[in-house]
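J.: Got a structure for you, written out below as C-alpha cells; questions coming shortly.
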Amino acid sequence: MFELKPLSKEAIPAALDKAVRYRLLDEAGEAESICHDVLRIEPENQHALVILLLALTDRFGKGYAVGITQAQEVLPRLRDPYERAYYAGLVSERRAKAQLRQSGPGSGHAAYQLLREAMARYEKAEAIRPAGNDDALLRWNACARVLERLPRVESPQEEYEAPLE
C-alpha cells in the first residue's frame, strides 16, 4: 500500500539510539519499527537485531499481536554464539513472565517450564561468555529467584482434573 522511505546509512547510528530511547519509554512498537528500517538498509546489523529482539519481547503478554515466532526468527541472525544463547534465554524468560502475568489455568506450569528452559540457555551462554561478562549468571539467578517464589507448580494433568464427586 505504501512504499516505505529508506534511511540513509549515515542516519543508522542515530536511529538506533532513538530505538533504545523508545524502548526505555515503553514504546516497543516504535523501537521495532526503527529496527526494521535499519535492517532494510543493513540486514545483518547486529545492534539493530538485538534491539529488535528486545522490543519484540517487551511486548509479550501485553495484548499485542507479537508472537514468539517473530522473536525466534531473529535469534539465528545473531552471529555471536554467546549472544544467541543469552538472548534465547531472555526470550524464554520473558515468555515465562508473560505467562505469570496472565495467571490463567496452566500458566504456573508453563511459566515453570519456560523458566527452566531459560536457565538452561543461560547456562549454555555462561559456558561461552566473554571474560568479565556475567550477564547470563545475573539472569539465571533472577530466574531462580522467581522459581523460589512460585507456589508449588502442579503438573498440567493435576491442574485440569475435575474433582471427583
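The values are calculated or read from the model by the stated rules, or taken from the named source; none is laboratory data. Computed from a predicted model, the values in this text were never measured in an experiment. All Cβ positions, even for glycine, are placed from backbone atoms using ideal geometry, and neighbour counts span all protein chains on display. All accessible areas refer to the heavy atoms of the entire protein, side chains included, with ligands and DNA or RNA removed. Shrake-Rupley method; radii C 1.70, N 1.55, O 1.52, S 1.80 Å.
J.: Quick one: which of ARG79, ARG21 is outside any loop (DSSP other than H, G, I, E, B), of a type in the set (Lys, Arg) and either touching a residue at least 40 places away in the same chain (Cβ under 8 Å) or closer than 28 Å to ALA142 by Cα (or both)?
T.: Sole residue among the options that is outside any loop (DSSP other than H, G, I, E, B), of a type in the set (Lys, Arg) and either touching a residue at least 40 places away in the same chain (Cβ under 8 Å) or closer than 28 Å to ALA142 by Cα (or both): ARG21.
J.: ALA142: of a type in the set (Gly, Ala, Ser), within 17 Å of the chain's Cα centre (by Cα), modelled with pLDDT of 95 or more and surrounded by 11 or more Cβ atoms within 10 Å (Cβ to Cβ), yes or no?
T.: Considered against the rule, which asks whether it is of a type in the set (Gly, Ala, Ser), within 17 Å of the chain's Cα centre (by Cα), modelled with pLDDT of 95 or more and surrounded by 11 or more Cβ atoms within 10 Å (Cβ to Cβ), ALA142 comes out as yes.
J.: For the stretch 54-105, give me each residue that is surrounded by fewer than 19 Cβ atoms within 10 Å (Cβ to Cβ) and hydroxyl-bearing (Ser, Thr, Tyr).
T.: Residues satisfying the conditions are TYR64, THR69, TYR82, SER103.
J.: For residues that are in contact with a helix residue (DSSP H, G or I) (Cβ under 7 Å, 6 or more places away or on another chain) and not in a helix (DSSP H, G or I), tally how many sit in the stretch 24-33. If you could, list the steps in order and put the result at the bottom.
T.: Going through the stretch 24-33, the residues in contact with a helix residue (DSSP H, G or I) (Cβ under 7 Å, 6 or more places away or on another chain) turn out to be 28, 30-32.
Adding the requirement that they be not in a helix (DSSP H, G or I) leaves none.
Qualifying residue count, the stretch 24-33: 0.
J.: Residue check: is HIS36 in a helix (DSSP H, G or I), surrounded by 11 or more Cβ atoms within 10 Å (Cβ to Cβ), under 16 Å from the mean Cα position of the chain (by Cα) and on the phi < 0 side of the Ramachandran plot?
T.: no
J.: Would you please list the contacts, defined by Cβ atoms under 9 Å and residues six or more apart or on different chains, that run from a residue in the stretch 125-146 that is farther than 15 Å from PRO81 by Cα and among the hydrophobic types (A, V, I, L, M, F, W, C) to a residue that is outside any helix (DSSP H, G or I) and open to solvent by 60 Å² or more (accessible area, probe 1.4 Å)?
T.: Listed pairs, sorted by first residue: LEU137/ARG129.
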